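Written out below as structure tokens is the structure these notes cover.
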Amino acid sequence: MGSDYSHRPVQIENVLKFLITNPDGIYVDGTLGEGGHALEILSRLTRNGILIGIERDEEQLEIARKRLKNFHEKARFIHGNFADIDTIVRDLGIDSMDGILLDLGLSSYQIERSGRGFSFMRDEPLDMRMDKTQQMSAFELINNASYEQLKDIIKKFGEEKMAGRISRRIIRQREKAPIRSSKQLSEIIHSVVKGADYKMSKNPATRTFQAIRIAVNRELENLKEFLNKVPELINKGGRLVILSYHSLEDRIVKRAIKEWEKGCTCPPDIPVCICNGKVKFRAITRKGLRASQEEIRANPRARSSILRAAERV
Ligand SMILES: C[S@@+](CC[C@H](N)C(=O)[O-])C[C@H]1O[C@@H](n2cnc3c(N)ncnc32)[C@H](O)[C@@H]1O
């Protein structure tokens, strides 16, 4: 275990600018990861400020806890899922906060050092669980899901045009012997894509690996559940900042902010509002913000980042 912390946290200047409105305030980092964003946030809070770091990966949480050891007085570390943010903060005696940050997806530790098969570049057991206390792993999904389930997952979460052919090949392979490693899965995908006329700007395994990971960790369901809870948790004038890394996530965040900005959700043909919906947030970023070329050069992971921020009204 260990980390080199060689990269600056993604879009850190934007995150700090949009997130912190009150240095004495209470903040939540719902995806603590290596603690990169958290360290910068904690450095800007006064001794009255508090940062609650939530992380579903226990190994990762321990790494962050050690990295942030100088801030233990104003930091709380919770092993949990940001989808449960309401109960997590309530258990700490907190009703509402000044800002919440989510930096979605995987950490560098998980991809490069966790040994859980997140990367098609490595030969590791197929696991892909962010939270190892959870039951379902990529091994179980790949070796037990039906053809229809696999195809649906790879198509929906990977936006993969060849989902059907890849799923069929997975089924054929696992009839011979269980598929146990990330390398085996990657080779199966390559064997399907190689023969096809397919424009390849990325490694062909990228999309399927993303899809399996999203399904195993229920990433989109967690994000939706979290967004449903957020309006009740942020103080007036407080901020929500979310960094997404693919269009499926970003679309969910964008839609939620749009709904909150609308307030009334009555059908357009109703002459007077009957839903009593109130405007909950105003978007601070009209368009999702991208990292600068300079940041992308220094940290290629920032390339796909899209930042959206909104203020509670
Ligand atoms: C991109 S990393 C965060 C990196 C962090 N911002 C930093 O600067 O070091 C995303 C982290 O969020 C965690 N994560 C993903 N989904 C989560 C969830 N639903 N609840 C809690 N943590 C989650 C992952 O385990 C991973 O460690």
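The values are calculated or read from the model by the stated rules, or taken from the named source; none is laboratory data. No experiment lies behind these values; they were computed from the predicted model shown. Neighbour counts are summed over all protein chains in view; Cβ atoms, including those assigned to glycine, are modelled from backbone coordinates with ideal geometry.
Only one entry of 51, 92, 101 meets the criterion of being under 14 Å from residue 26 (Cα atoms) and surrounded by fewer than 20 Cβ atoms within 10 Å (Cβ to Cβ), and that entry is 92. Scanning the stretch 169-185 for residues that are of a type in the set (S, T, N, Q) and out of contact with any strand residue (DSSP E or B) (no Cβ under 7 Å at 6 or more places or on another chain) yields 173, 182, 184. Of all residues in the stretch 231-256, those satisfying the criterion of being assigned to a helix (DSSP H, G or I) and surrounded by 22 or more Cβ atoms within 10 Å (Cβ to Cβ) are 253, 256.
Among the residues examined, residue 148 does not qualify as surrounded by fewer than 21 Cβ atoms within 10 Å (Cβ to Cβ) and under 24 Å from the mean Cα position of the chain (by Cα).
Tallying residues that are surrounded by 16 or more Cβ atoms within 10 Å (Cβ to Cβ) and acidic (Asp, Glu) within the stretch 274-306 yields 1. On the basis of being at pLDDT 95 or above, in a loop (DSSP other than H, G, I, E, B) and more than 16 Å from the ligand (Cβ to nearest atom), does residue 142 make the cut? No: the conditions fail for residue 142. Remark: pairs (first residue in the stretch 232-255, in the same structural domain as residue 103 (by TED's automatic domain parsing); second residue aromatic (Phe, Trp, Tyr); Cβ separation under 8 Å; 6+ apart in sequence or on different chains) = 239/18; 240/281; 241/18; 248/157. Taking the conditions (1) within 16 Å of residue 126 (Cβ to Cβ); (2) without any contact (Cβ under 8 Å) to a residue 40 or more places away in the chain; (3) among the hydrophobic types (A, V, I, L, M, F, W, C) in turn, residue 193 satisfies each one other than (1). Remark: residue 117 matches the filter, which requires a residue to be touching a Pro at 6+ places or on another chain (Cβ under 6 Å), within 16 Å of the ligand (Cβ to nearest atom) and in a loop (DSSP other than H, G, I, E, B). Comparison of 59, 55, 73 shows that the only residue that is within 10 Å of the ligand (Cβ to nearest atom), acidic (Asp, Glu) and free of Cβ contacts under 8 Å to residues at least 40 places away in the same chain is 55.
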